[in-house]
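Here is the structure we will look at, set down as structure tokens.
FYI, it's all coordinate maths here, none of it is from the lab. Because the structure is predicted, anything quoted here is derived from the model rather than measured. Note that each Cβ is placed from the backbone with ideal geometry, even for glycine, and that neighbours are counted across all protein chains shown.
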Amino acid sequence: MRSIRSTVVTRFLGVALPGIVLVACSRNPPPVEPDPPPPPPPTDQAALTPPPPPARPQTAPTPQTPPAIVDEDEFASRSLEALNRESPLQPIFFEYDQSQISAQGRSVLQANAAILRQYPTWVITIEGHCDERGSPEYNLSLGERRALTAQEYLIGVGIRADRINTVSYGKEFPFDPGNNPEAWERNRRAHFVITNR
């Protein structure tokens with residue numbers, strides 16, 4: 001009896017044991033190996049340099065304002081009176097009892113010569129003026145020297161002599177009627193008047 005039982009148990013275990021193992025193994029799947037990590041990036045200099053920033057959109061440069069140019073028609077349509085009221089020709093000023101042109105006076109005469117070149121038909125008169133000090137005769141003589149000195153300078157920089165007339169008013173037509181050093185300084189001048197276009 002005992003041998004029959006052990007034979008049955010042995011057969012049972014021989015048949016059932018592989019099934020039990022099989023069922024037990026089917027509940028726990030075998031472990032899966034993880035994917036290997038990606039290889040490290042290359043270590044050459046190009047790989048270490050960050051990528052360039054994205055390009056900015058191109059914008060047109062801001063236009064710059066061109067320098068002011070005197071429009072020839074601006075003066076061409078004006079009367080002589082209007083031209084002289086807002087004259088583009090500036091006066092030059094002199095030291096007391098002097099007719100020599102200062103450095104500032106030369107700069108003004110250069111600018112006046114440029115305008116006269118721009119308007120080659122203009123004829124001007126240079127008026128010589130003085131302050132109130134001194135006799136009328138002396139101041140007429142001094143005013144004439146001032147006007148002639150300015151005329152000679154303009155001729156020297158290329159303005160034709162037949163376009164420049166001179167006159168002396170001495171102290172008769174002061175620019176500033178005051179009786180003080182500031183007024184006297186403003187009255188010692190060579191004044192430019194456009195007399196023909």
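Table for the structure above
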quantity: Nonlocal amide H pairs with Thr195, under 5 Å, H built at 1.01 Å; calculated: Val123, Ile124, Thr125
quantity: Alpha carbon convex hull of the stretch 128-169, projected area averaged over orientations, nm²; calculated: 2.8
quantity: Stokes-Einstein D in µm²/s, Kirkwood radius over Cα pairs - the stretch 66-167 at 10 °C with 1.306 mPa s viscosity; calculated: 107
quantity: Amide H contacts under 5 Å for Ser168, placed H, 5+ residues apart; calculated: Gly128
quantity: Which of Val108, Val167 has the fewest Cβ neighbours within 10 Å, and the rest in rising order; calculated: Val167, Val108
quantity: In Hz, Karplus ³J(HN,Hα) per residue of the stretch 146-155 (6.51, -1.76, 1.60; θ = phi - 60°; x = Gly, Pro); calculated: 5, 5, 5, 5, 5, 4, 4, 5, 5, 5
quantity: Net charge over other residues, Cβ less than 15 angstrom from the Cβ of Glu185 (K, R count +1; D, E count -1); calculated: 0
quantity: For the stretch 84-109 and the stretch 123-197, distance of Cα centres in Å; calculated: 9
quantity: Cβ-based net charge around Asp97, under 12 Å, with every Lys or Arg adding one and every Asp or Glu removing one; calculated: +2
quantity: For the stretch 75-196, share of DSSP beta bridges that run antiparallel, in % to the nearest 5; calculated: 55
quantity: Residue exposure sequence - Arg146, Arg85 - by fewest surrounding Cβ within 10 Å; calculated: Arg85, Arg146
